[in-house]
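Colleague: Would you mind keeping the following structure in view while I ask a few things?
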């Protein structure tokens, strides 16, 4: 492919620049990974047919019924707690011709840091569709088990060294006519979005574009940094794609990538809420200052609210502990529910008014040493409260009144649970690794469906970590991914496992009833050499990303929450340069994926100093695709 001459970029105007991949920690050169990574593979057969019901109880374990003496709402103050069998994966159906392809806000991106590189354009200004950046084909799995973190880093580092080559121009491969997107769709991350003309899906507000073939819309170069910098956080409004940068938060035009506004922050971003208010406000947690030699790790003690529509920091503040003293509380997480912002961590918690930051409440503390470990928001507010000793912790999950912080109900987690993760607040669904039995770093061995009104356990759902691919950050309360809750069901992807082709893996998305815990009939099959991962709910449907084999572009599909029928919303280019760059942003590689209205935004969660092994590698913070 002929490469056009590069012109110096002008502010707010795209320019021709090669893409890069999100960063991974630098590593010494290594040989290509074993196990046939990158080996030629046959194209997947046809489309994917209608799902067929799984065999009776294919995953073996039966849900556990709640104990005979359920716990009711706590009496008194805040936080006071009240006095697997073997089984195989469902057999995928044979491919059929011409097949198709929580209620809570979508989750942000996930994963591990990526390979570092050197941006070629000023940071913060997008560039036009890119030249090729060779990435790495995704590993084919290991018979259904997760890679350990160490193995992921080893494989990623090896691939980053071996497969960085450039050739051709992506723009020429993706900017052909190919039809225009006459439709738009809604259901954006934390924003209502505007629905457009086109084929509406029965279960949600997203529309099927007139042409599902996408092309690269824009990309934002990664900034040069001297160390690891967290850039977690991305959101969508009707007009803007908003992404955290190294110096603050930037809003970009959704279609062209032109920078609309910037919000400078005095310190590095610590974490963000994935939830947004109806008027496009969200909560963030950031450090008090930038690192210095004297203070390399400033505290994460600043809670703030940003207006994503106006591009303004509305307020920010710190608070002191409820136990006394004038030292600001260090927080681990922040969330949003209605008009309440709640932040929590091992040092304490607090809640604020969304509009002006006025303090609403602080959790009560006592001689028992109990504290609010962290909060989960969305349609309701819930907390994980920790009591007991370090060696023998006792966790309680409570539904809270967002305005007063008073517990509405309480459920005491079983013994042997060190960390609990709230998947959804309405309905209330909690994940935990009971007795450290998951063994794969996912943080999940069981799910707990809880009646938020009474605190009674509806059902405990065993989830064999070797079969299911849900994942939660080890210590965080609300940082879970690869699953969705809606229709009174928990939608989970299975682990990748052998498909019918010689080289390719596959998986399915299945559903559990939140009242009975039973694995329901039906499933969404990814198809050979494809992997399905739920991103979020869209009404009664699931929006999912379909990871493709190394020789294909990825897809975004809508899965009917009842029939599991798949409808393709986006098909990314098969061009080698584009698809390899896309795969470096895949789920599990440290990427945040947002889809709305025929647009897919993939971004890094952290950035690193340039690699000494591949110093000329071009790396991007954001790559955006559009069907229009």
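Colleague: Mind listing whichever residues of the range 453-469 are crowded, with 19+ Cβ neighbours inside 10 Å and assigned to a loop (DSSP other than H, G, I, E, B)?
Modeller: First, the residues of the range 453-469 that are crowded, with 19+ Cβ neighbours inside 10 Å: 455, 457-465, 467-469.
455, 463, 464, 465, 467, 469, listed by residue number.
Colleague: If I go through the range 290-344 residue by residue, how many of them are over 16 Å from residue 359 (Cα atoms) and not in a loop (DSSP other than H, G, I, E, B)?
Modeller: 5
Colleague: Still on this model: Which count do you get for residues in the range 229-239 that are surrounded by fewer than 21 Cβ atoms within 10 Å (Cβ to Cβ) and in a strand (DSSP E or B)?
Modeller: Total satisfying the criteria: 2.
Colleague: Tell me, which residue of the range 530-564 that is touching a strand residue (DSSP E or B) at 6+ places or on another chain (Cβ under 7 Å) and not in a strand (DSSP E or B) is farthest from residue 470 (Cα to Cα)?
Modeller: Step one: list which residues in the range 530-564 are touching a strand residue (DSSP E or B) at 6+ places or on another chain (Cβ under 7 Å), which gives 530-538, 540-548, 553-561, 564.
Now drop any that are not not in a strand (DSSP E or B), which leaves 530, 540, 548, 553-554, 561, 564.
Numbers: 530: 17, 540: 20, 548: 19, 553: 23, 554: 20, 561: 18, 564: 18 Å.
Within the range 530-564, the match that is farthest from residue 470 (Cα to Cα) is 553.
Colleague: So in the range 247-265, with the set limited to residues that are outside any strand (DSSP E or B) and at pLDDT 95 or above, which one is farthest from residue 624 (Cα to Cα)?
Modeller: Start the filter on the range 247-265 by keeping residues that are outside any strand (DSSP E or B), which leaves 247, 254-258, 265.
Next, from what is left, pick out any that are at pLDDT 95 or above: 254-258, 265.
Working: 254: 9, 255: 9, 256: 9, 257: 8, 258: 12, 265: 25 Å.
Among residues in the range 247-265 that are outside any strand (DSSP E or B) and at pLDDT 95 or above, the one farthest from residue 624 (Cα to Cα) is 265.
Colleague: In the range 502-523, which residues are part of a strand (DSSP E or B) and under 24 Å from residue 573 (Cβ atoms)? Steps first, answer last, please.
Modeller: Our first condition is that a residue be part of a strand (DSSP E or B); within the range 502-523, this holds for 505-506, 508-513, 519.
The answer is 505, 506.
Colleague: Output yes when any residue across the range 598-614 is crowded, with 23+ Cβ neighbours inside 10 Å, in a loop (DSSP other than H, G, I, E, B), modelled with pLDDT of 95 or more and in contact with a strand residue (DSSP E or B) (Cβ under 9 Å, 6 or more places away or on another chain), and no when none is.
Modeller: yes
Colleague: Residue 417 - would you say it is touching a strand residue (DSSP E or B) at 6+ places or on another chain (Cβ under 8 Å) and under 30 Å from residue 353 (Cα atoms)? Steps first, answer last, please.
Modeller: Details: touching a strand residue (DSSP E or B) at 6+ places or on another chain (Cβ under 8 Å): yes; under 30 Å from residue 353 (Cα atoms): no.
It is false that residue 417 is touching a strand residue (DSSP E or B) at 6+ places or on another chain (Cβ under 8 Å) and under 30 Å from residue 353 (Cα atoms).
Colleague: Of the residues that make up the range 586-597, is at least one surrounded by 23 or more Cβ atoms within 10 Å (Cβ to Cβ), in a loop (DSSP other than H, G, I, E, B) and at pLDDT 95 or above?
Modeller: The answer is yes; a qualifying residue exists.
Colleague: Name every residue in the range 539-552 that is modelled with pLDDT of 95 or more and under 19 Å from residue 499 (Cβ atoms), in order of residue number. Working first, answer last.
Modeller: Here is the first cut: in the range 539-552, the ones modelled with pLDDT of 95 or more are 539-546.
Those that are modelled with pLDDT of 95 or more and under 19 Å from residue 499 (Cβ atoms): 544, 545, 546.
Colleague: Give the number of residues within the range 210-228 that are buried (at least 24 other Cβ atoms within 10 Å of the Cβ) and within 24 Å of residue 628 (Cα to Cα).
Modeller: Taking the range 210-228 first, the residues buried (at least 24 other Cβ atoms within 10 Å of the Cβ) are 214, 216-222.
Among the residues that remain, those that are also within 24 Å of residue 628 (Cα to Cα) are: 214, 216-221.
Of the residues in that region, 7 qualify.
Colleague: Just the residues that are over 27 Å from residue 308 (Cβ atoms), in contact with a strand residue (DSSP E or B) (Cβ under 7 Å, 6 or more places away or on another chain) and surrounded by fewer than 23 Cβ atoms within 10 Å (Cβ to Cβ), please, taken from the range 347-368.
Modeller: Step one: list which residues in the range 347-368 are over 27 Å from residue 308 (Cβ atoms), which gives 347-348, 362-368.
Next, from what is left, pick out any that are in contact with a strand residue (DSSP E or B) (Cβ under 7 Å, 6 or more places away or on another chain): 348, 362-363, 365, 368.
Within the range 347-368, 348, 362, 365, 368 meet the criteria.
The values are calculated or read from the model by the stated rules, or taken from the named source; none is laboratory data. This structure is a prediction, so every number in the text was calculated from the model and none was measured. Neighbour counts run over all protein chains shown; Cβ positions are idealised from the backbone, glycine included.
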